[in-house]
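Q: Pasting a structure below so you can have a look.
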Amino acid sequence: MLSSKNQKYKSKSANRSKDLLTVRWENNQVVMIDQTKLPAKLVYVRYWKYEDVARAIERLVVRGAPAIGVAAAFGMSLAAISSKAKNKKSLIKDLKTAYVRLRSTRPTAVNLVWALDQIMKVVYSKNDDVEEIKKSIILSSLNMATEDISTNKQLGKNGAKMIHDDDVILTHCNAGSLATVAYGTALGVLRAASDMGKNIRVIATETRPVMQGSRLTAFELNHYGIDFSLIPDTAVGHLMSSGLINRVIVGADRVLKSGHVYNKIGTYQVAALAKRHSIPFYVAAPSSTFDLTSKVSDVVIEERNKNELLKMGNKLLAPKGIKVFNPAFDVTPPELITGIITEKGVIKPPYEETIAKNILSDR
Ligand code: MRU
């Protein structure tokens, strides 16, 4: 039921300041929450080879655009540490191998390429001392992780101004702590609003087929003590037409200069329904999620393994041998988007002008 706050949530408010730390660097290793084990178990995995980080990104041990970016940057740090190169040229050769492998893991989230390019820029900007270059790669990836937290906190504050007391806000997929280093984008806005004392309720879609909504967003909102109800993806239209939702906030994997937003499959349907029912539809995305050079026709939408649809654990959900199409993302056109919440402020249409003005001027 979409009833008012219950005690269970209030009693969990002690967790409010305890961020879930999704990905971190410790003793020259990458430590991550294993998101494939949630919600049953909160366990951490450690990697000391970049190849294992790449595999972890593919398997969704770590997922969500900003978290993937930082994980890849830490992967480059592992590649640097393990390189036996004696000079800059050989080190760059080793780093390029790692770059190509890490970049190949997931095609849609632009933060991945952004983070890898940031690391390579640092490498090229340094002189020839191999040890110095290695140190600066580690330092840059650590800075990236720290900045992800501060950026998303600022984004959260900016977005919280758009939230009103007693709002019921729908979110799709997981754009929270678990999709970033620690604070979240769309869920960061909700956390900030809640911390400001605004009385909000959240509707989380289950987000088939990988269930980021039921497995991760529900886990996270429960952890932070924010009142929410889980709904099937197929109930969005019904709730909207019944007047039970008055705002939508989702994250993004890539935002183009034109204002087209790539996000988890199903986002477009939610946006189209929100337009139909005159419900404001917001996207929360840090500047690292903006791709100012690609056109819609350039962006590759990841297609994932058919078993994500055919099986739940070991249980078969559909007949063996059937044809399956499993796109992981879709694109929401700018005319369906009320505003894009960033750490610099809320960007409003016409996006062709406003994105260039707000994001481009900063690069
Ligand atoms: O396939 P996933 O789980 O990596 O997809 C994640 C999303 O679509 C998120 O909404 C997006 O990355 C934004 S995360 C702040």
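The values are calculated or read from the model by the stated rules, or taken from the named source; none is laboratory data. Keep in mind that this is a model prediction, so the values were computed, not measured. Because the Cβ atoms are built from the backbone with ideal geometry, glycine has one as well, and the counts that use them run over all protein chains shown. Only protein heavy atoms, including side chains, enter the accessible area calculation; ligands, DNA and RNA are left aside. Shrake-Rupley method; radii C 1.70, N 1.55, O 1.52, S 1.80 Å.
Q: When segment 79-102 is examined, which residues are found to be within 18 Å of Val122 (Cα to Cα), among the charged types (D, E, K, R) and surrounded by 16 or more Cβ atoms within 10 Å (Cβ to Cβ)?
A: Within segment 79-102, Lys88, Asp94 qualify.
Q: Do you know which residues across segment 17-27 are under 19 Å from Leu142 (Cα atoms) and open to solvent by 80 Å² or more (accessible area, probe 1.4 Å)?
A: Asn27
One line per residue, one yes/no per condition, for (1) open to solvent by 20 Å² or more (accessible area, probe 1.4 Å); (2) part of a strand (DSSP E or B); (3) closer than 23 Å to Ser177 by Cβ:
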residue	(1), (2), (3)
His223	yes, no, yes
Leu230	yes, yes, yes
Tyr268	yes, no, no
Ser294	yes, no, no
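Q: While we're here: Among the residues of segment 293-308, is there at least one that is more than 19 Å from Thr108 (Cα to Cα) and polar (S, T, N, Q)?
A: yes
Q: I'd like to verify a number: residues in segment 131-156 that are away from the ligand (no atom under 16 Å from the Cβ) and either assigned by TED's automatic domain parsing to the domain that holds Met240 or open to solvent by 20 Å² or more (accessible area, probe 1.4 Å) (or both), how many?
A: Number satisfying all stated conditions: 10.
Q: With respect to the numbered conditions (1) part of a helix (DSSP H, G or I); (2) more than 16 Å from the ligand (Cβ to nearest atom); (3) free of Cβ contacts under 8 Å to residues at least 60 places away in the same chain, which one is the sole condition not fulfilled by Met76?
A: (3)
Q: Checking Asn305 against (1) surrounded by fewer than 17 Cβ atoms within 10 Å (Cβ to Cβ); (2) assigned to a strand (DSSP E or B), which single condition isn't satisfied?
A: Of everything listed in (1) surrounded by fewer than 17 Cβ atoms within 10 Å (Cβ to Cβ); (2) assigned to a strand (DSSP E or B), Asn305 misses just condition (2).
Q: Among the residues of segment 312-331, write down those that are out of contact with any His (no Cβ under 6 Å at 6 or more places or on another chain) and open to solvent by less than 60 Å² (accessible area, probe 1.4 Å).
A: Ala318, Val324, Asn326, Pro327, Ala328, Phe329, Asp330
Q: Sticking with this structure for a sec: So Val122 clears everything in (1) in contact (Cβ under 8 Å) with a residue 24 or more places away in the chain; (2) open to solvent by less than 80 Å² (accessible area, probe 1.4 Å); (3) more than 16 Å from the ligand (Cβ to nearest atom); (4) farther than 28 Å from Arg304 by Cα except one condition, right? Which one?
A: Val122 satisfies all of (1) in contact (Cβ under 8 Å) with a residue 24 or more places away in the chain; (2) open to solvent by less than 80 Å² (accessible area, probe 1.4 Å); (3) more than 16 Å from the ligand (Cβ to nearest atom); (4) farther than 28 Å from Arg304 by Cα except (1).
Q: Does any residue in segment 206-232 that is closer than 22 Å to Met312 by Cβ come within less than 7 Å, Cβ to Cβ, of a residue that is more than 13 Å from the ligand (Cβ to nearest atom) and assigned to a helix (DSSP H, G or I) six or more places away or on a different chain, and which pairs are these?
A: Close Cβ pairs (under 7 Å, with a partner that is more than 13 Å from the ligand (Cβ to nearest atom) and assigned to a helix (DSSP H, G or I)) amount to Glu206/Asp233; Thr207/Asp233; Arg208/Asp233; Pro209/Leu309; Asn222/Lys12; Leu230/Ala218; Ile231/Leu239.
Q: Looking only at residues that are under 21 Å from Ile119 (Cβ atoms), part of a helix (DSSP H, G or I) and open to solvent by 10 Å² or more (accessible area, probe 1.4 Å) in segment 33-65, which one is nearest to the ligand (Cβ to nearest atom)?
A: Glu58
Q: Within the set of pairs 6 or more residues apart or between chains, which connect a residue that is over 26 Å from Gly188 (Cβ atoms) inside segment 286-308 to a residue that is open to solvent by 80 Å² or more (accessible area, probe 1.4 Å) with Cβ atoms less than 8 Å apart?
A: Matching pairs, first to second residue: Glu303/Phe325.
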